[in-house]
1. Whether any residue in region 85-103 is under 16 Å from the mean Cα position of the chain (by Cα) and of a type in the set (D, E, K, R) is what I want to check.
2. Find the residue count for region 150-181, including only residues that are loosely packed, with under 11 Cβ neighbours inside 10 Å, at pLDDT below 90 and not in a loop (DSSP other than H, G, I, E, B).
3. So which residues in region 182-223 are over 39 Å from the mean Cα position of the chain (by Cα), within 17 Å of T147 (Cβ to Cβ) and part of a strand (DSSP E or B), if there are any at all?
4. Can we say V217 is in contact (Cβ under 8 Å) with a residue 12 or more places away in the chain and closer than 13 Å to L162 by Cα?
5. Test each condition in (1) surrounded by 14 or more Cβ atoms within 10 Å (Cβ to Cβ); (2) more than 40 Å from the chain's Cα centre (by Cα); (3) among the polar types (S, T, N, Q) for Q228 and report the one that comes out false.
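The values are calculated or read from the model by the stated rules, or taken from the named source; none is laboratory data. Because the structure is a prediction, the values reported are computed rather than measured. Neighbour counts run over all protein chains shown; Cβ positions are idealised from the backbone, glycine included.
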Amino acid sequence: MAGNIEIRVFRDGRIQALAVCGFVLLVVLMLAVYFFGRSGLTAQIEQLEKNQTAFEDQFDQQLRTIERLEFEVAELNLSESVSELAAADLQEVVISQQSKIARLENEAIYYRNLMSPKAGAREVFVHRIEVVPGQQSDVLNYQILLTHADPDGGKTAGRIGLKLAGIAAEGETLIDVVDAGLVDDSALDYEFRYFQNFKGVLKLPEGFKPSSLQLEVTSLAGKLLEQQEVDVQLGDA
């Protein structure tokens with residue numbers, strides 16, 4: 001009996017020792033797995049942090065590029081607006097200067113005629129005649145500039161006669177613009193000291209194709225002072 005008791009006690013102690021050793025080995029294995037896994041995750045975490053830092057740097061760089069491009073676009077828009085305003089102001093200045101230049105040209109023409117050998121008492125000169133088609137096919141726009149060379153500075157007065165030569169349904173014809181009612185009766189009367197500019201519109205009769213415009217300048221006494229003729233392009237009329 002005593003020997004059996006000793007053998008049983010020995011076996012129980014061995015089992016306990018094995019159990020303790022197994023538990024210790026299990027704990028050591030779990031710790032090893034934990035620290036091994038942690039060491040691998042740390043490397044991955046460090047790599048992810050590096051990638052995140054590089055992405056943030058790239059994002060900041062792209063953001064600065066976008067802000068720079070937006071600023072350049074704003075500068076371009078501002079420059080374009082300033083250029084448009086400058087062009088509009090320049091156009092206004094040009095138009096204003098053109099009127100001044102035209103006035104000075106007219107004055108120069110007057111004084112040149114005044115000093116020319118042909119300058120006589122109350123003589124009228126036709127400086128410019130322009131006849132251009134209007135926007136409509138049956139309309140002609142005309143402009144006539146008269147100058148006066150009188151050493152005494154007196155006024156001159158008279159009348160401009162305009163006649164249109166061309167082709168109508170009945171053939172070649174000559175139309176007096178006043179008699180035909182193309183302009184008002186007093187629209188071509190003149191009275192000035194230095195120069196006078198005439199502008200107007202001629203409404204052509206239906207089917208009439210003008211070829212030339214004939215101009216006559218007469219004094220109040222009926223004296224013919226100037227006579228000219230300008231061509232009118234049929235295709236433009």
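1. The answer is yes, given that some residue of region 85-103 is under 16 Å from the mean Cα position of the chain (by Cα) and of a type in the set (D, E, K, R).
2. Number of matching residues: 1.
3. Hits for region 182-223 are D189, Y190, E191, F192, L215, E216, V217, T218, S219.
4. yes
5. (1)
Here's the yes/no breakdown for (1) surrounded by fewer than 13 Cβ atoms within 10 Å (Cβ to Cβ); (2) touching a His at 6+ places or on another chain (Cβ under 9 Å); (3) assigned by TED's automatic domain parsing to the domain that holds D189; (4) at pLDDT below 75:
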site: I101; (1), (2), (3), (4): yes, no, no, no
site: N106; (1), (2), (3), (4): no, yes, no, yes
site: I109; (1), (2), (3), (4): no, yes, no, yes
site: L140; (1), (2), (3), (4): no, no, yes, no
